[in-house]
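The next block holds one structure in the form of structure tokens; read it before the comments.
Only the coordinates and a few stated rules stand behind these numbers; no lab work does. Predicted model, so just to flag it, every value in this text is computed and none were measured. Backbone-built Cβ (ideal geometry, glycine too); neighbour counts: all protein chains shown.
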């Protein structure tokens, strides 16, 4: 049974109670300050607790009858001003910090919530442009030439026209059928208005559930304050409006109404992972792991325990979940703290299963597959929608919605090059710049990216370096901090151990003993691990110690020394040093330490060495970072220079010619095999650098 609404006191009583609340909260100086700064500042934000403590009854009335109570509060606020006028009429009262009883999930909104003040948590999905909305329309009667006012409903989407010339405003009283009314737009009153759509948090959805949204109307100084991807708490009044559809018989009005919120205030969710509730008991449990050197190993055991092996990859992903510390230098340059990981592996190595598990464990994770992702779906799109009255609307994509969380992309190699290129800015600058349909904006995409892909030929081969078999552009590869190549090589001992584990898991999956054994092997349950990550990211900002700096510096200089020989490749760059810092900070954060110790730096170095050994190692056994940073190894660059010199020597002078046989013979004498020399020649011919003016007569275009 629905409880009856409380009896609303008379407006003077409500106003006096509000005046007492404002005086007790000592808000008179703030009101005067807002009055002096009008129109740059026009809203007084009152915490709900400041109203609930002195007058609980008024606070309850505010939630049930918000329009009347807020109107009385606005009048009480104006009474505290020394003078009246346009500035005092423009002041607004906004309530923030609503109690938990007023919180509503978007999918849990019901008819009992209509016309109530509620707080809704969500992520901004769409934002319209700020446009003027008519608040008080002025009409002129054509018959008597009298001008009169027709107030408009703020929450209605329909423009209200007069039915008669009102005698109360000096009109003739004629109805709409006997006269016409002309809108005087220049004398009407307008306010800034903006519509947004708030969507449920992606991490709060059940598998397969479609995220639901709620339209919100912002007016006056609330407009222009949010962007797509922002996580907000919206406080507003729920309203319903009736949709009409056109038919042959005229306009048909539906019996089902849509819901929209009239925004009263908006609170950005500044607290990282604030939507996860962590109990004091769980905090005490987490504190037991503080400064525990084995906590990262326990987390690795807890990541997809049924997927056997891949310990090195799991360790890197574990540090990615915690992340480093973003920094902003004095010159304004921002250095990201998020760690990007890429796993390239043979088929059947459980890459997709691992990514699926991480999407369940990581707070605020969004998962997608490269086959179903487009550039607009990843970044942002400008769409023409009825939501904005047929205007262009900016709609956030995956990387923007994952701001503050984690983006997981499977089958990255299956994306088209055009769609994949949209990720470049988001990976390094952690922002998405949009310039579409006249909309120019920059949105935040501060999230680590975990991606998986297959080799170029479907499976790795031994005759070419690993980096050359990754079918991704080097401009994208260079933005990943850690790249792992997972190879499926037959090994009888390892294969037998793996087969025993897989078959045992299938045998025991339905038994209590099997589930018990699995839970014992995982120190953290998925829910507990998710909260532990959120707690660490929310409370810990580790600082590099002198010892850790020394360890990182010694490693960087030692590896760089390998490239000091004249013909040696560059083994490592400053970009890898930045990645080492992020990994070290993540290791310290994982053990809830505010200081990065030398053990954290050594863990980061071990991960980096593993990555370099797998991906950036040439067939000759030398580290060459150019394999992933530029796409051309040092030896390939040397072979190219030798081949170009051979061509120039054969050509002799501008306008000269040489044959393919002459080139291949001279190249082999210079130390370049015939197959590699032929590959270089074909590449130059495809680029138009070598032409064939006559049959079997080759010529360099740029001698």
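In this label model, residue 143 and residue 253 are separated by 2.5 nm, measuring between points 7 Å along each Cα→Cβ vector.
With a simple spin-label model that places each label point 7 Å from the Cα along the Cα-to-Cβ direction, the separation between residue 135 and residue 28 comes to 2.7 nm.
Packing, taken as the mean count of other beta carbons within 10 Å per residue, orders the peptides 564-570, 608-614, 695-701 from highest to lowest as 608-614, 695-701, 564-570. Would you mind getting me the FRET efficiency between residue 103 and residue 167? Use the beta-carbon distance for r and R0 = 56 Å, nearest 0.05. The pair residue 103/residue 167 has a calculated efficiency of 0.70.
Rg/Rh for segment 347-414 (Cα atoms only, Rh after Kirkwood) is 1.10.
FRET efficiency for the pair residue 182 and residue 335, taken as 1/(1 + (r/R0)^6) with r the Cβ-Cβ distance and R0 = 60 Å, rounds to 0.50.
Please state the shape class of segment 634-700: rounded when a/c is under 1.5, otherwise prolate if a/b exceeds b/c and oblate if not, all from the C-alpha gyration tensor. Taking the square roots of the gyration eigenvalues as a ≥ b ≥ c, segment 634-700 is prolate.
When a/c is below 1.5 the answer is rounded, else prolate if a/b is larger than b/c, else oblate, so apply that to segment 520-607 with a ≥ b ≥ c taken from the square roots of the Cα gyration tensor eigenvalues.
Judged from the Cα gyration tensor, segment 520-607 comes out prolate (a/c at least 1.5, a/b above b/c).
Taking 0.36 nm per residue of separation and subtracting the Cα-Cα distance, full extension of the segment from residue 40 to residue 152 would add 37.8 nm.
Compute the helix-to-body angle for 512-521: its Cα long axis versus the longest principal axis of the chain, expressed 0 to 90° and rounded to tens. So the helix axis and the longest Cα principal axis differ by about 80 degrees.
Rounded to whole Å, give me the distance from the Cα center of segment 453-475 to that of segment 70-102. Distance between centres, Cα-based: 64 Å. For the pair residue 16 and residue 692, a Förster radius of 60 Å applied to the C-beta separation gives a FRET efficiency near 0.05, rounded to the nearest 0.05. At q = 0.12, 0.13 Å⁻¹ the log10 of I(q)/I(0) for segment 280-539 amounts to -0.82, -0.94, computed by Debye summation with a single uniform scatterer per C-alpha, solvent ignored.
Kindly provide the Kirkwood hydrodynamic radius of segment 11-96 in Å, to one decimal, from all pairs of distinct alpha carbon atoms.
Taking every pair of different Cα atoms in segment 11-96, averaging 1/r and inverting gives 12.8 Å.
Between residue 419 and residue 539, the contour length at 0.36 nm per residue exceeds the alpha carbon distance by 39.6 nm. With axes computed from alpha carbons, what is the tilt in degrees of helix 526-539 against the longest principal axis of the chain, rounded to the nearest 10 within 0 to 90? Taking the Cα atoms of the chain, the angle to 526-539 is about 80 degrees.
Rounded, prolate or oblate: which one fits segment 372-501, using the alpha carbon gyration tensor with axes a ≥ b ≥ c (rounded when a/c is under 1.5, else prolate when a/b beats b/c, else oblate)? Because a/c hits 1.5 or more and a/b exceeds b/c, segment 372-501 counts as prolate. Across the chain, the convex hull enclosing all Cα atoms gives 282 Å³ per residue.
Taking label positions 7 Å along the Cα-Cβ direction at both residue 471 and residue 456, the computed distance is 1.1 nm, reported to one decimal. Take each peptide in 185-193, 391-399, count the other Cβ atoms within 10 Å of every residue, and average; sorted highest first, the result is 391-399, 185-193. Computed from Cα positions, the angle between helix 66-79 and the longest principal axis of the chain comes to roughly 80 degrees. For segment 531-567, backbone nitrogen atoms closer than 20 Å to the point 7 Å from residue 287 Cα along Cα-to-C-beta are found at 531-542. Take the convex hull of the alpha carbons in segment 107-268; its mean projected area over all directions comes to 12.8 nm².
Per-residue ellipticity at 222 nm computed for the chain from its helices equals -10500 deg cm²/dmol, with DSSP H segments shorter than 4 residues left out and the rest contributing -39,500 (n - 2.57).
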